[in-house]
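This report refers to the structure that appears directly beneath it.
The values are calculated or read from the model by the stated rules, or taken from the named source; none is laboratory data. Computed from a predicted model, the values in this text were never measured in an experiment. We place every Cβ from the backbone using ideal geometry, glycine too, and count neighbours over all the protein chains shown. The area values use the complete protein model at the heavy-atom level, side chains included, leaving out ligands, DNA and RNA. Shrake-Rupley method; radii C 1.70, N 1.55, O 1.52, S 1.80 Å.
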Amino acid sequence: MAGTSSDAGKSLIVAGLCRAWARQGVKVAPFKAQNMSNNSMVCPDGSEIGRAQYLQAIAAGVEPSARLNPVLLKPATDRRSFIVVDGRPGGTLEAGEYATGRAALAQAAFAAYEELASEFDVIVAEGAGSPAEINLRTGDYVNLGLSRRFDLPMVLVGDIDRGGVLASIFGHWAILDDADRAQLAGYLINKFRGDQSVLAPGLDELSVRT
């Protein structure tokens, strides 16, 4: 589950999907390889994860743990973040290191996903930011990097309240290379209210173009 931007509604949608599947008896878990937030929660084992993943775990009926959010970046300044890896303090990350200095973080994230995959029937993975941030594509392990690594279909979420949602969805599809584009399985327009027939011409055109 990726978004056209931060705050597109990914976290709530993931929580809802986890709850729905859990009620159907499916063994499901949420996963976010990397979260950037100062809003965190302490798990029963003392590890620290993002608040959204803690709530998603409750929705899924699983015990919150660091493997649900193996990398947590806690912004300290505009150019530095404190790192929490596998629920424990892991040093700092400078802004200039973000694009290329994340190999160890990627390893921790992939290992956590593999552990979950061996235990659960369904994992609902949540991306971060936008998967079309092509300046950060090298070294990515939370959006298309994760999707490509484990061949996970990606649903792109756009927030209609922000305006330009159809252009944003199409722009994401257009800017990706063919291999990344192949991971896009569909899109979801969040917060739509009103008469769907008003939106339908745009959806039809989007389907033709993509």
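Counting just the Cα atoms, what span does region 122-175 cover along each of its three principal axes? Round to the nearest Å and put the largest first.
The principal-axis extents, from largest down, are 32, 28, 16 Å.
What trypsin sites (Lys or Arg not before Pro) in region 66-146 are in a loop by DSSP, with at most 16 other Cβ atoms within 10 Å of the Cβ?
When the trypsin sites (Lys or Arg not before Pro) of region 66-146 are filtered for loop state and at most 16 Cβ neighbours within 10 Å, R79, R137 remain.
Can you send over the carbon and sulfur percentage of the accessible area for the chain, probe radius 1.4 Å, protein chains only?
52
Residue by residue through region 33-40, which ³J(HN,Hα) values in whole Hz follow from phi under the Karplus form 6.51 cos²θ - 1.76 cosθ + 1.60 (θ = phi - 60°), with glycine and proline marked x?
Rounded to whole hertz, the list is 4, 9, 10, 10, 6, 8, 8, 10.
Say R0 is 35 Å: what FRET efficiency, to the nearest 0.05, do D195 and A104 get from their beta-carbon distance?
E(calc), rounded to 0.05, equals 0.10.
Quick one: accessible area per residue over region 1-156, 1.4 Å probe, rounded to a whole number of Å²?
On the way: 7200 Å² over 156 residues.
Per-residue accessible area for region 1-156 comes out at 46 Å².
Rounded to the nearest 500, what is the chain's calculated 222 nm mean residue ellipticity when only DSSP H runs of at least 4 contribute -39500 (n - 2.57) each, over all residues?
Values: 7 runs with 75 residues, N = 210.
One gets -10500 deg cm²/dmol as the mean residue ellipticity at 222 nm.
How long is region 1-91 along each principal axis, judged by its Cα atoms, biggest number first, in Å?
Cα spread of region 1-91 along its principal axes, largest to smallest: 44, 33, 15 Å.
Using amide H atoms built in the peptide plane, which far-off residues or other-chain residues are under 5 Å from N69 H to H?
K32
Once you put a point 7 Å from the Cα of R209 and another 7 Å from the Cα of A179, both along the Cβ direction, what distance in nm separates them?
Placing both labels 7 Å along Cα→Cβ, they lie 2.7 nm apart.
Considering only DSSP states other than H, G, I, E and B, which trypsin sites (Lys or Arg not before Pro) in region 144-203 qualify as loop sites with at most 13 other Cβ atoms within 10 Å?
K191, R193
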